[in-house]
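This report refers to the structure that appears directly beneath it.
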Amino acid sequence: MSESPPTADAKKSWKSTVKHSVLSDIGMRRAINQDSYAIVLADTQNSWEKYGHLFIVADGMGAHAAGELASKLSVELIPHHYFKLRDQPPAESLHQSILNANAEIFRRGQANIEFRSMGTTCSTLTLAPEGAVVAHVGDSRVYQMRGDQLFQLTFDHSLVWEMQAAGELTDETARSGVIPKNVITRSLGPNANVQIDLEGPFPVKRGDVFLLCSDGLSGQVSDEELASILSALPPQPACQLLIDLSNLRGGPDNITAIVVEVAEDSICSAQPGAIAARWNGAPRTFSPALGIVAAVCISAAGLLCLLGNIPLGVVAAVLGIIALGTGLVQVLWNGNSPADAHGRYGQGPHRQFKAGNQPLFEQLAGTMKSLREASEERGWKIQWDLLEGQFEKAKQHAAAGNFKQAVATQGKVIIELMKQIRGQRDTPASDSAIDL
């Protein structure tokens with residue numbers, strides 16, 4: 001007896017195992033949006049058991065339309081290859097799919113001089129029977145929120161993070177901004193080969209929230225603020241507030257966020273225990289980006305010394321040596337297998353944060369004050385009576401010590417306020433950026 005196809009109601013029911021929202025915004029300072037994303041939800045229990053739910057965020061890099069093309073190709077090619085590899089575990093399927101996507105992006109770049117060296121970050125998440133599995137290249141991020149604790153599941157492939165991991169840079173120096181934070185050490189496309197991080201599987205339980213985002217968001221909203229927003233608001237308003245805050249703080253880059261909440265027990269892992277760190281057995285290779293940085297710094301040091309600028313030459317030489325040392329540590333830090341004896345990948349989570357509800361509420365209150373001053377100065381027409389009433393409710397929650405609810409209420413006020421500001425037809429987009 002043949003099995004009848006699943007009904008529309010059955011498909012809808014299984015997709016409802018997660019609640020999700022996604023927004024991608026050009027930001028305040030860019031001419032085009034080079035971010036891309038993909039969400040592929042399993043229609044039935046059978047397809048979920050084979051593939052899981054798949055989420056991808058990519059942040060393109062390259063002049064003209066090159067970065068936009070690279071990120072678009074990644075979110076199209078990875079699902080295409082992933083669903084063809086039906087006989088492999090999700091981690092291995094993701095790994096091979098990203099390798100295939102990298103090969104095609106590299107080929108397209110080599111074929112057209114305008115797209116030469118185009119690249120993109122890529123962060124993928126699957127929610128499958130074994131748990132949450134992440135495959136990752138670049139400095140876009142994947143987070144997991146449980147209760148009031150936020151876990152960063154991915155490692156930033158940036159010069160700052162690589163140097164910190166190699167012990168060449170202290171946290172204080174990293175925060176000082178001496179080393180640029182936007183120097184990426186890995187991406188899809190520029191090279192024929194790419195090293196991919198696999199992380200997980202991480203245990204999944206009902207109520208867990210996942211965030212995939214480009215650095216246009218993580219660079220403007222702190223991890224503690226991310227934790228507060230994700231714990232206080234459902235996916236749709238959380239996603240909107242994250243985008244709005246990023247733009248209010250300058251929006252220097254494209255911003256993309258996918259927020260996913262686990263809504264049913266049917267997609268939880270069998271043993272949803274604590275989110276624990278993993279052993280990293282994945283082979284590591286010398287980063288081409290670190291090699292370039294080392295070569296440029298050392299060459300600059302020699303030139304500066306020849307010109308008589310010895311102090312600056314010494315600084316450049318030290319930076320070059322640090323970059324070279326970091327790359328060598330990558331080569332020496334090696335393993336024999338991409339997974340440990342228990343089938344676990346990577347060493348994530350890499351950082352952990354607690355929701356800072358009171359500081360965020362105070363920050364949002366200050367944001368509202370600044371926006372009111374700006375609206376009066378620029379003649380914006382805002383329905384302040386309604387907003388002030390909601391703000392009073394937020395302050396009442398805060399006075400009672402319920403800062404989580406205060407954040408939720410005040411966050412919705414900011415969302416509505418920004419919606420009204422965007423509705424001012426005679427207001428240029430850049431005028432929405434307020435110095436906070």
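The values are calculated or read from the model by the stated rules, or taken from the named source; none is laboratory data. Just so it is clear, the model here is predicted, and its values are computed rather than measured. Cβ sites come from the backbone with ideal geometry, for glycine too, and all protein chains shown count toward neighbours. Surface areas here come from the heavy atoms of the whole protein model, side chains and all, with no ligands, DNA or RNA. Shrake-Rupley method; radii C 1.70, N 1.55, O 1.52, S 1.80 Å.
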Inset, instruction - Determine whether Ser123 is free of Cβ contacts under 8 Å to residues at least 60 places away in the same chain and closer than 17 Å to Pro201 by Cβ. - result: no
Legend entry - Those residues of the stretch 141-164 which are under 14 Å from His350 (Cβ atoms) and either β-branched (Val, Ile, Thr) or outside any strand (DSSP E or B) (or both), in sequence order: Val142, Leu153, Thr154, Phe155, Asp156, His157, Val160, Trp161, Glu162, Gln164
Inset, instruction - Of the numbered conditions (1) over 30 Å from Trp48 (Cβ atoms); (2) at pLDDT 90 or above; (3) open to solvent by 10 Å² or more (accessible area, probe 1.4 Å), Pro129 fails exactly one; give the number of that condition. - result: (1)
Inset, instruction - Go through the stretch 56-65 and give me each residue that's among the hydrophobic types (A, V, I, L, M, F, W, C) and buried (at least 24 other Cβ atoms within 10 Å of the Cβ). - result: Ile56, Val57, Ala58
Inset, instruction - Quick one: Leu85 ticks every box in (1) modelled with pLDDT under 95; (2) touching a helix residue (DSSP H, G or I) at 6+ places or on another chain (Cβ under 8 Å); (3) part of a helix (DSSP H, G or I) except a single one, so which number is it? - result: (3)
Inset, instruction - May I ask you to list the residues in the stretch 123-140 that are more than 9 Å from the chain's Cα centre (by Cα) and in a strand (DSSP E or B)? - result: Thr124, Leu125, Thr126, Leu127, Ala128, Gly131, Ala132, Val133, Val134, Ala135, His136, Val137
Legend entry - Where a residue in the stretch 45-65 is at pLDDT 90 or above and its partner, wherever it lies, is part of a helix (DSSP H, G or I) and small (Gly, Ala, Ser), with Cβ under 6 Å and at least six apart: Ala58/Ser71; Ala58/Ser74; Gly60/Gly67; Gly60/Ala70; Gly60/Ser71; Met61/Gly67
Inset, instruction - Examine the stretch 89-102 for a residue that is part of a loop (DSSP other than H, G, I, E, B), open to solvent by less than 10 Å² (accessible area, probe 1.4 Å) and either modelled with pLDDT under 95 or not aromatic (Phe, Trp, Tyr) (or both), and state whether such a residue exists. - result: no
Inset, instruction - Return yes or no: is Gly138 open to solvent by less than 10 Å² (accessible area, probe 1.4 Å) and modelled with pLDDT of 95 or more? - result: yes
Inset, instruction - Provide a single number: the residues in the stretch 360-406 that are surrounded by 13 or more Cβ atoms within 10 Å (Cβ to Cβ) and on the phi > 0 side of the Ramachandran plot. - result: 0
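For (1) at pLDDT 95 or above; (2) under 23 Å from Asp197 (Cα atoms); (3) open to solvent by 10 Å² or more (accessible area, probe 1.4 Å), each residue gets a yes or a no:
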{"site": "Ser4", "(1), (2), (3)": "no, no, yes"}
{"site": "Ala10", "(1), (2), (3)": "no, no, yes"}
{"site": "His20", "(1), (2), (3)": "yes, no, yes"}
{"site": "Asn33", "(1), (2), (3)": "yes, no, yes"}
{"site": "Gly67", "(1), (2), (3)": "no, yes, no"}
{"site": "His80", "(1), (2), (3)": "yes, yes, yes"}
{"site": "Glu114", "(1), (2), (3)": "no, no, yes"}
Legend entry - Members of the stretch 206-229 that are buried (at least 17 other Cβ atoms within 10 Å of the Cβ), more than 16 Å from the chain's Cα centre (by Cα) and outside any helix (DSSP H, G or I): Asp208
Inset, instruction - May I ask you to say which residue of Leu198, Leu212, Leu226 is of a type outside the set (Asp, Glu), in contact with a Leu (Cβ under 8 Å, 6 or more places away or on another chain), under 17 Å from Ala408 (Cα atoms) and modelled with pLDDT of 95 or more? - result: Leu226
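How many residues are assigned to a helix (DSSP H, G or I) and surrounded by 20 or more Cβ atoms within 10 Å (Cβ to Cβ) if we restrict to the stretch 35-50?
Within the stretch 35-50, residues that are assigned to a helix (DSSP H, G or I) and surrounded by 20 or more Cβ atoms within 10 Å (Cβ to Cβ) number 1.
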Legend entry - Yes/no for Gln152 being surrounded by fewer than 24 Cβ atoms within 10 Å (Cβ to Cβ), at pLDDT 95 or above and in contact with a Pro (Cβ under 9 Å, 6 or more places away or on another chain): yes
